[in-house]
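Colleague: This is the structure I want to talk about, given as structure tokens.
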Ligand SMILES: Nc1ncnc2c1ncn2[C@@H]1O[C@H](COP(=O)(O)OP(=O)(O)OP(=O)(O)O)[C@@H](O)[C@H]1O
Ligand SMILES: [Mg+2]
């Protein structure tokens with residue numbers, strides 16, 4: 001399912017840190033993500049991948065440039081409005097999944113639904129159960145997340161990112177701390193969601209096999225996208 005541009009950014013600049021620590025982390029980054037497509041951002045450690053995902057995910061504001069959701073600019077919105085957009089449109093999978101240790105798998109998945117406040121308790125629990133079923137954890141709904149394996153926790157984080165049926169999934173090295181089998185499984189799960197349910201996915205990855213399986217790969221260096229290529233077309237310049 002291919003469609004229009006669901007998330008984009010233009011001429012993003014971002015500085016991080018104070019005074020002599022100050023880093024020019026993003027230097028004019030522009031990117032368009034279409035519905036139905038899977039994009040990878042690759043590049044050496046420190047090149048700005050996480051910073052870009054945080055800006056696109058409305059978790060951080062750029063110093064210049066614009067982020068747009070479905071062609072509607074959002075960077076001028078208030079914090080509350082940004083939080084609402086983020087909860088509704090974007091599912092974020094963090095590099096270190098940040099689950100609530102003392103909560104069950106099911107409770108973790110209901111948290112974003114609670115924030116959005118559109119479903120009853122029973123509906124939230126049912127939806128969380130369905131999502132956990134879909135990631136192969138139907139039998140572990142009531143397990144505390146700290147009693148799950150790393151791969152299982154990552155799948156809970158994927159289910160949580162899907163809680164509010166977001167159009168866009170942003171994933172910061174979603175498979176970074178998984179073994180090969182689990183990381184391929186997590187990636188396939190995300191890829192299938194995009195293709196079957198008309199979502200879009202942008203992931204940062206250090207895994208060349210995963211990047212090559214994406215529809216688009218964007219190479220980043222020193223805060224810039226230096227090349228973008230479609231699958232199988234490695235050397236075409238941006
Ligand atoms: N809070 C911060 N304060 C100061 N500098 C920061 C901060 N966060 C990140 N940086 C710097 O910004 C640059 C980009 O960092 P970023 O985390 O986006 O890199 P990355 O490409 O995700 O790296 P990795 O592959 O290691 O995850 C780096 O030079 C980093 O040191
Ligand atoms: Mg990073």
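The values are calculated or read from the model by the stated rules, or taken from the named source; none is laboratory data. The structure displayed is predicted, hence computed values, not measured ones. Counting neighbours? That spans all protein chains shown, and the Cβs are built from the backbone with ideal geometry, glycine included.
Colleague: Of 196, 165, which residue is on the phi > 0 side of the Ramachandran plot and either surrounded by fewer than 20 Cβ atoms within 10 Å (Cβ to Cβ) or at pLDDT 95 or above (or both)?
Modeller: That would be 165, the only listed residue that is on the phi > 0 side of the Ramachandran plot and either surrounded by fewer than 20 Cβ atoms within 10 Å (Cβ to Cβ) or at pLDDT 95 or above (or both).
Colleague: May I ask you to list the residues in segment 55-86 that are assigned to a loop (DSSP other than H, G, I, E, B) and crowded, with 21+ Cβ neighbours inside 10 Å?
Modeller: The answer is 57, 58, 62.
Colleague: Do we have residue 46 as within 30 Å of residue 233 (Cβ to Cβ), touching a strand residue (DSSP E or B) at 6+ places or on another chain (Cβ under 9 Å) and free of Cβ contacts under 8 Å to residues at least 24 places away in the same chain here?
Modeller: Details: within 30 Å of residue 233 (Cβ to Cβ): yes; touching a strand residue (DSSP E or B) at 6+ places or on another chain (Cβ under 9 Å): yes; free of Cβ contacts under 8 Å to residues at least 24 places away in the same chain: yes.
Yes; evaluated as a whole, the condition is true for this residue.
Colleague: On to the next question. Looking at 179, 222, can you tell me which residue is touching a residue at least 12 places away in the same chain (Cβ under 8 Å), over 13 Å from the mean Cα position of the chain (by Cα) and away from ligand 1 (no atom under 16 Å from the Cβ)?
Modeller: The conditions single out 179.
Colleague: What residue, of 52, 31, is within 16 Å of ligand 1 (Cβ to nearest atom), assigned to a helix (DSSP H, G or I), under 22 Å from residue 207 (Cα atoms) and under 18 Å from the mean Cα position of the chain (by Cα)?
Modeller: When all the criteria are applied, what remains is 52.
Colleague: Among 205, 175, which is surrounded by 22 or more Cβ atoms within 10 Å (Cβ to Cβ), within 25 Å of residue 28 (Cα to Cα) and at pLDDT below 95?
Modeller: 205
Colleague: Within segment 64-80, work out how many residues are in contact with a strand residue (DSSP E or B) (Cβ under 7 Å, 6 or more places away or on another chain) and free of Cβ contacts under 8 Å to residues at least 24 places away in the same chain. Before you say what the answer is, go through the steps one by one.
Modeller: Within segment 64-80, the subset in contact with a strand residue (DSSP E or B) (Cβ under 7 Å, 6 or more places away or on another chain) is 64-71, 73-75.
From what's left, free of Cβ contacts under 8 Å to residues at least 24 places away in the same chain: 73-75.
The total comes to 3.
Colleague: For segment 6-19, does any single residue satisfy the condition of being out of contact with any helix residue (DSSP H, G or I) (no Cβ under 8 Å at 6 or more places or on another chain), in a helix (DSSP H, G or I) and at pLDDT below 95?
Modeller: Within segment 6-19, one or more residues are out of contact with any helix residue (DSSP H, G or I) (no Cβ under 8 Å at 6 or more places or on another chain), in a helix (DSSP H, G or I) and at pLDDT below 95.
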